Every structure is written in C-alpha cells, then in structure tokens.
Amino acid sequence: MSKSKVLVLITGSIAAYKACYLVSKLVQSGFLVKIAASTSALKFVGVAALEGLSQNGVAYDSFEEGRAMDHIHLIRWADIVICIPATANFINKLAAGIGDDLLTTIALAHDFTKPFLIAPAMNTQMYLHPATQKSLSQLREYGFEILETASGVLACGEEGVGKLLDPDLIFDEIAKAVPSSDRLTPISKQKRLRVLLTSGGTSEPIDSVRSITNTSSGKTGAAIADVFAEMGFEVDFIGAKNGALPVADCKIIHFSDFNSLRHELFSALDTNDYNAIIHCAAVADFSVTNVTIGGKSLEPKSAKLPSDSDEMIITLKKNPKLISQIKAKSKNKSALLFGFKLSDGLNGDELTLEIEKQIKTNHCDFVIQNDIQEISGDKTMHKYHIFDENAKEQGEYIGAQGVSLAITQIILSRNMQNDFSA
Ligand SMILES: Cc1cc2nc3c(=O)[nH]c(=O)nc-3n(C[C@H](O)[C@H](O)[C@H](O)COP(=O)(O)O)c2cc1C
C-alpha cells in the first residue's frame, strides 16, 4: 500500500512555525510529506528544521541545479496540497495568475483533480482588504478550498480575524480529504526528540511568609516550551511555582526554591534520556541559612517571624552552580546543553571571555546571551545571540520565538543522522 502524499507549501507569515507542527503531525500519522517554502518563509523557519521534520528535502529555489522541474514534479507527486500559512501576497498573486517564484508556479501547475487547501494567516486589515477578499473568492471559484481563519490576538498585537486556523483542525481537514486506508501505521514506535526546560526564578525562604527572589517572570521559558511542543518535541518543563506556564502540551513540574529546583532537575536528568537541556531558570546564587532577630538565631522557613524588631540579620550561603553539574548528572551524555547568560553592557573581548567561561566552567554546548542594554519594553523584540562551543556567534535572533526556532534547528540538525522521527 502506498502512503498518502501531502505537499506542504509554506509562505512568509509569522505563523510559519505552526506549519512545523502540522508537518510533524502528518509524518507521525503516516503521511509522506514534501515541503516547498518561499524565500520569505525561510526567514521564519529554517531548512534544517523542515528537512528534519518531513524527513525529505525542502524545495525553495525554482532555478536550483537539478531541481528545475520541481514545480511540476511536486504538484503531480502530491495527493493533496496545503498552503500553510498562506500570506496575503501569495493569495493575491495566485488569484491574478502570477507565477514569479517556486510556490506560485507550483500552484499555477495544479490541475484541480486533487484537493488544494489554502490556510490564510495575516493581520486583520490585510485579510479584510478588498483585494484579499476578492482574491479569496476568485480562488474559491477556481476550485481551491479556502480554510477559515480564527479570531483572536494576532502576532502584531491587534485583535480580529485573520489568525491561522488551529493546525490540529487543518490536520483534520487533510485527513478528511484523504482516505485513512491510504495511510500506513503511525510511526509512534519511533522516538520523538525530548527536551528538558527549566524556567522562572527561585524564591529562597526567610520565614514561612517572606522570601528572597528575583525578577524572572518565566515568560521566556514558557514561550520557548510552546514553540518546542508545537514543533512536535516532547517537552518536560520544570517551572517556578508562580512563573508563566506553557499553553501547549508539556509535562509540567514545579519548583519553589533552590533545593527543590535541584531535586527536580537532577531526578529528571537521572531518569530520562533528553536530547537537549535548555536551562533558563534564574537560580539563586545564595540561600538563607540563618536569621537572627531580636538576638535569637532561627532557621529559615520557621514560623512567621515577628516584625517589631529593629533589626533582622540574614545569613546567606553561596549555592553551587546547578548548570555546571547538568552534563555530569545527565543520563544521556550526548545531550546538548543550552545555557543562558544575561550580560550588562558587555561586548567585544569582554563578552567573548564571559562566553568562554560559560562554556568551560558550565560545560555548555551553546550559550544564549542577551544584554540588559538591548532589552526594550517590548518582550517580543528582545535580542538574543547564540554562541557555539567555540564561542563563535551563530546569529542574532529577535524574541523568544525567534531564538526558540533557532534552538530547535540546532537540535534537529545535530540529531538528523540519529533514528529520529518527530
Ligand atoms: C515579521 C513579519 C511578519 C509577517 N507576517 C505576515 C503574515 O502573517 N501574513 C502575511 O500575509 N504577510 C506577513 N508578512 C509579510 C510577508 O512576509 C511579505 O508579504 C512577503 O513578501 C511574503 O512573501 P511570500 O508570500 O512569497 O512568502 C510578514 C512580514 C514580516 C517582516
């Protein structure tokens, strides 16, 4: 029996990473998947991730040597085509019959004997623009199946229609269009890549109601976990009790103080085989060992201390660096370790020295660095830099989503030769 073949076209929308989730789900469900991506789409997701997830090459250049007839071969190969996400640009060009790049040429070569679904994703005004609406009706008339969009808060912060339909619902549309007898058994026996993520800040108790904590909200860690889960990774999330949590499907474990984080982290590392560990929790450098109040010396965590004394002396003891022990405690010795470094105005040689220190003393394979000076109020625009094990900068990425995608691509490309099917 031959597998059903799905051709996934990806265009340059901020929702392009959601196509990765769909591709992963299709492959896991027994479909054969090939991908063609526009050059704009590759600004949002990388070829390595798409190749890893689809287990096939990715077409993106009409004039690539040896692949000049891809636009015909791919469309004839497919039993069904889905464009996810479809930009306003793609929709409007297609309606006008333009074929000036690989994706529009593929779509022009479609013969309408097989289903061709289009899942738009764009800003509300772009979606409601008369040109886009006219193009969508034109495409329906031609025989393309235009999927609904969802309403909600868009990536640009505005609210309204135009949001990409939930990829699980898009999967259902594809599954409906192709008989399940044409699919092979799901590849559930093959393992998915598994990552462990720590996130949020520790809170060191002074007494039963007071603590010393830090400003970490856990939002970056939660956003990274969401991207990984949506990309089809199995995610174990060790997060601060009061920190932000991922909304996607992750296994969630809570910690409160340094000791509980150490316990949860080491037991997860000891029990499970992780392909990568992303350590972005803000860990207390010191914990409270003793509190002296009104001349009396007390253990932290004892009942609420009185507030009528003029002086409270808190003794802090330096904590060991958890990150430096992760590699040694890890069951999978080849797991990749990603550490985070928040610097304050460092650059040039000073920055290189700091990154080298992280790599040598903490045994990190990659360091993700951001600088307080480069952090603006808008969290989605924070700049992150990734350095490899030779302290060489791999690139600059914008926002938690941008850096997460870059991390997924590093993990996918390092595991490509292994027995992986996400
Ligand atoms: C950060 C960013 C996000 C974008 N998101 C969208 C989007 O969601 N939908 C859309 O129609 N265009 C979006 N665009 C604009 C497209 O990328 C642009 O029109 C591009 O030319 C589309 O090329 P393609 O249709 O060949 O992929 C975005 C652009 C940027 C810079």
(message) Need the failing condition index for Lys241 against (1) in contact with a His (Cβ under 6 Å, 6 or more places away or on another chain); (2) open to solvent by less than 50 Å² (accessible area, probe 1.4 Å), just the number.
(response) (2)
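Please work out if Thr352 is assigned to a helix (DSSP H, G or I), hydroxyl-bearing (Ser, Thr, Tyr) and open to solvent by 10 Å² or more (accessible area, probe 1.4 Å).
Values: assigned to a helix (DSSP H, G or I): yes; hydroxyl-bearing (Ser, Thr, Tyr): yes; open to solvent by 10 Å² or more (accessible area, probe 1.4 Å): yes.
For Thr352, the condition - assigned to a helix (DSSP H, G or I), hydroxyl-bearing (Ser, Thr, Tyr) and open to solvent by 10 Å² or more (accessible area, probe 1.4 Å) - is met.
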(message) Residue pairs, Cβ under 6 Å, 6 or more apart or interchain, first in segment 41-65 and more than 16 Å from the ligand (Cβ to nearest atom), second in a loop (DSSP other than H, G, I, E, B) and open to solvent by 40 Å² or more (accessible area, probe 1.4 Å). List them.
(response) Gly52/Met416
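In segment 1-19, which residues are out of contact with any Pro (no Cβ under 7 Å at 6 or more places or on another chain) and open to solvent by 10 Å² or more (accessible area, probe 1.4 Å)?
We begin by selecting, within segment 1-19, every residue out of contact with any Pro (no Cβ under 7 Å at 6 or more places or on another chain); these are 1-10, 12, 14, 17.
Passing the criteria: Met1, Ser2, Lys3, Lys5, Gly12, Ile14, Tyr17.
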(message) For the list (1) within 16 Å of the ligand (Cβ to nearest atom); (2) basic (Lys, Arg); (3) within 30 Å of Phe228 (Cα to Cα), I need the number of the one condition that Lys5 fails.
(response) (1)
(request) Have a look at Leu22, Leu103, Leu117 and point out the one that is within 28 Å of the chain's Cα centre (by Cα), surrounded by 24 or more Cβ atoms within 10 Å (Cβ to Cβ) and away from the ligand (no atom under 12 Å from the Cβ). (result) Leu22
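Would you check if there is a residue in segment 269-284 being of a type in the set (Gly, Ala, Ser) and farther than 26 Å from Leu245 by Cβ?
Of the residues in segment 269-284, the ones of a type in the set (Gly, Ala, Ser) are 276, 281-282, 284.
Adding the requirement that they be farther than 26 Å from Leu245 by Cβ leaves none.
So far as segment 269-284 goes, no, none of its residues is of a type in the set (Gly, Ala, Ser) and farther than 26 Å from Leu245 by Cβ.
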(request) Considering only segment 8-19, state which residues are within 11 Å of the ligand (Cβ to nearest atom) and either under 18 Å from Trp77 (Cα atoms) or among the hydrophobic types (A, V, I, L, M, F, W, C) (or both). (result) Leu9, Ile10, Ile14, Ala15, Ala16
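Looking only at segment 334-374, count how many residues are closer than 12 Å to Ile277 by Cβ and of a type in the set (D, E, K, R). Working first, answer last.
Going residue by residue through segment 334-374, those that are closer than 12 Å to Ile277 by Cβ are 334-340, 362-366.
Imposing the further condition that a residue be of a type in the set (D, E, K, R) reduces the set to 365.
Result for segment 334-374: 1.
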(message) Would you confirm, using the coordinates I've provided, whether Asp270 is farther than 30 Å from Asp310 by Cβ, open to solvent by 30 Å² or more (accessible area, probe 1.4 Å) and modelled with pLDDT of 95 or more?
(response) yes
(request) List every residue pair whose Cβ atoms lie under 8 Å apart, where the two residues are 6 or more positions apart in sequence or sit on different chains, the first residue falls within segment 80-93 and is more than 8 Å from the ligand (Cβ to nearest atom), and the second residue, located anywhere, is open to solvent by 10 Å² or more (accessible area, probe 1.4 Å) and in a strand (DSSP E or B). (result) Ile80/Lys5
(request) Of all residues in segment 217-235, count the ones that are surrounded by 21 or more Cβ atoms within 10 Å (Cβ to Cβ) and not in a helix (DSSP H, G or I). (result) 5
(message) For segment 126-135, give me the residue count where each residue is within 11 Å of the ligand (Cβ to nearest atom) and open to solvent by 40 Å² or more (accessible area, probe 1.4 Å).
(response) 2
(message) Return the pair list, or none, for Cβ contacts closer than 8 Å from residues in segment 109-130 that are assigned by TED's automatic domain parsing to the domain that holds Pro85 to residues that are more than 11 Å from the ligand (Cβ to nearest atom) and among the hydroxyl-bearing types (Ser, Thr, Tyr), at least 6 apart or on different chains.
(response) Phe112/Tyr142
(message) Cβ-Cβ under 6 Å, sequence separation 6+ or interchain: first residue in segment 15-33 and not assigned by TED's automatic domain parsing to the domain that holds Gly152, partner basic (Lys, Arg) and open to solvent by 10 Å² or more (accessible area, probe 1.4 Å). Which pairs?
(response) none
(message) at pLDDT below 90 and closer than 19 Å to Ala248 by Cα: which single residue out of Leu22, Leu53 fits that description?
(response) Leu53
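Regarding segment 305-327, can at least one residue be identified that is part of a helix (DSSP H, G or I) and either acidic (Asp, Glu) or open to solvent by 90 Å² or more (accessible area, probe 1.4 Å) (or both)?
If we filter segment 305-327 for residues that are part of a helix (DSSP H, G or I), which is where we start, we get 323-327.
Add one more test, that the residue is either acidic (Asp, Glu) or open to solvent by 90 Å² or more (accessible area, probe 1.4 Å) (or both), and what stays is none.
Within segment 305-327 (the criterion being part of a helix (DSSP H, G or I) and either acidic (Asp, Glu) or open to solvent by 90 Å² or more (accessible area, probe 1.4 Å) (or both)), the answer is no, since none of the residues qualifies.
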(message) Here is a check on your reading of the model: is Ser151 part of a strand (DSSP E or B) and modelled with pLDDT under 95?
(response) yes
(message) Restricting to segment 26-40, name every residue that is within 14 Å of the ligand (Cβ to nearest atom) and open to solvent by less than 10 Å² (accessible area, probe 1.4 Å).
(response) Ile35, Ala36, Ala37
(request) Sort through Asn275, Asn242 and tell me the only one that's among the polar types (S, T, N, Q) and touching a helix residue (DSSP H, G or I) at 6+ places or on another chain (Cβ under 9 Å). (result) Asn275
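The values are calculated or read from the model by the stated rules, or taken from the named source; none is laboratory data. What you are looking at is a predicted structure, and each value in this text was computed from that prediction instead of being measured. Every residue, glycine among them, receives a Cβ derived from its backbone with ideal geometry; neighbour counts consider all protein chains shown. Heavy atoms of the whole protein, side chains included, go into the accessibility calculation; ligands, DNA and RNA do not. Shrake-Rupley method; radii C 1.70, N 1.55, O 1.52, S 1.80 Å.
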